[in-house]
Amino acid sequence: MNFLPKKMFFTNGVGTHKEQLRSFELALRDAGIEKCNLVHVSSILPPNCKIISRSEGVKLLIPGQIAFCVLAQARSNEPSRLIASSIGCAVPKDENRYGYLSEHHAFGETEKVAGDYAEDLAAAMLASTLGVEFDEDKNWDEKKEVFKISNQIVHTTNVTQTCVIKKGWSTVVSAGVFIF
């Protein structure tokens with residue numbers, strides 16, 4: 001059997017509750033994927049996989065279905081703690097090649113910092129696969145220019161969720177969900 005997704009969508013959410021598990025379920029609900037049995041997969045964006053909107057993707061989900069996803073999550077009950085989860089994505093110019101997704105979970109990072117980091121991870125993995133030479137130690141903006149100049153990476157993006165803990169448990173999730 002060949003499980004090759006034809007579509008994928010990005011989503012994110014946050015949940016807060018006195019119970020850790022409920023905060024996770026509420027984060028999944030906020031992301032629109034609570035009705036699925038989630039199976040975590042690694043970081044490959046399949047060739048010719050169309051990225052669709054969250055609203056379009058959520059409509060395609062069936063309650064109880066097994067949904068494959070790249071999932072990032074962070075949770076804490078420490079008051080005033082900033083938590084972040086992010087999925088980065090790098091799409092090659094050649095649609096017949098695979099791209100990369102990355103997951104990043106962090107404490108103390110803003111949405112921009114966590115999102116840029118996840119996007120950088122995905123782009124660096126794709127660039128190394130494509131043979132694009134770059135300096136790992138450069139900042140994301142400098143590497144992004146190298147990737148653009150290489151003309152092999154057509155698009156990078158991220159979906160990120162952050163939250164500052166107030167009371168009880170908070171969970172943030174970010175996901176790339178595959179549709180078959």
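The values are calculated or read from the model by the stated rules, or taken from the named source; none is laboratory data. What you see is a predicted model; the values in this text were computed from it and never measured. Heads up, the Cβs are rebuilt from the backbone with ideal geometry, glycines too, and the neighbour counts pull from every protein chain shown.
Output yes when any residue across the range 34-45 is among the acidic types (D, E), surrounded by fewer than 17 Cβ atoms within 10 Å (Cβ to Cβ) and either more than 18 Å from N158 (Cβ to Cβ) or modelled with pLDDT under 95 (or both), and no when none is. For the range 34-45, residues among the acidic types (D, E), surrounded by fewer than 17 Cβ atoms within 10 Å (Cβ to Cβ) and either more than 18 Å from N158 (Cβ to Cβ) or modelled with pLDDT under 95 (or both): absent. Contact annotation: residue pairs with Cβ atoms under 8 Å, 6 or more positions apart or on different chains, pairing a residue in the range 72-85 that is among the hydroxyl-bearing types (S, T, Y) and modelled with pLDDT of 95 or more with a partner that is outside any strand (DSSP E or B) and surrounded by fewer than 24 Cβ atoms within 10 Å (Cβ to Cβ), are S76/I165; S80/I165.
In the range 6-33, which residue that is part of a loop (DSSP other than H, G, I, E, B) and touching a Leu at 6+ places or on another chain (Cβ under 9 Å) is surrounded by the most Cβ atoms within 10 Å (Cβ to Cβ)? Per the stated criteria, the residue is I33. On the given criteria, is V177 touching a residue at least 24 places away in the same chain (Cβ under 8 Å), in contact with a strand residue (DSSP E or B) (Cβ under 8 Å, 6 or more places away or on another chain) and closer than 30 Å to P79 by Cβ? Answer is no for this residue. Just to be sure before I move on: is E56 touching a residue at least 12 places away in the same chain (Cβ under 8 Å), surrounded by fewer than 17 Cβ atoms within 10 Å (Cβ to Cβ), among the acidic types (D, E) and part of a helix (DSSP H, G or I) in the structure I sent? Yes, satisfied. Being at pLDDT 95 or above, within 24 Å of L21 (Cβ to Cβ) and assigned to a helix (DSSP H, G or I) is not true of A175.
Residues checked against (1) within 30 Å of E25 (Cβ to Cβ); (2) touching a strand residue (DSSP E or B) at 6+ places or on another chain (Cβ under 7 Å); (3) hydroxyl-bearing (S, T, Y):
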| position | (1), (2), (3) |
| --- | --- |
| P92 | no, yes, no |
| W140 | no, no, no |
| E145 | no, no, no |
| T171 | yes, yes, yes |
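Tallying residues that are in contact with a Cys (Cβ under 8 Å, 6 or more places away or on another chain) and either among the acidic types (D, E) or over 14 Å from E119 (Cα atoms) (or both) within the range 140-170 yields 1.
Being within 21 Å of V132 (Cβ to Cβ) and of a type in the set (K, R) is a description that applies to R97.
Highlighted here would be strands (runs of 3 or more DSSP E) found entirely within the range 61-166 that include at least 2 residues which are surrounded by fewer than 20 Cβ atoms within 10 Å (Cβ to Cβ) and among the aromatic types (F, W, Y), but there are none.
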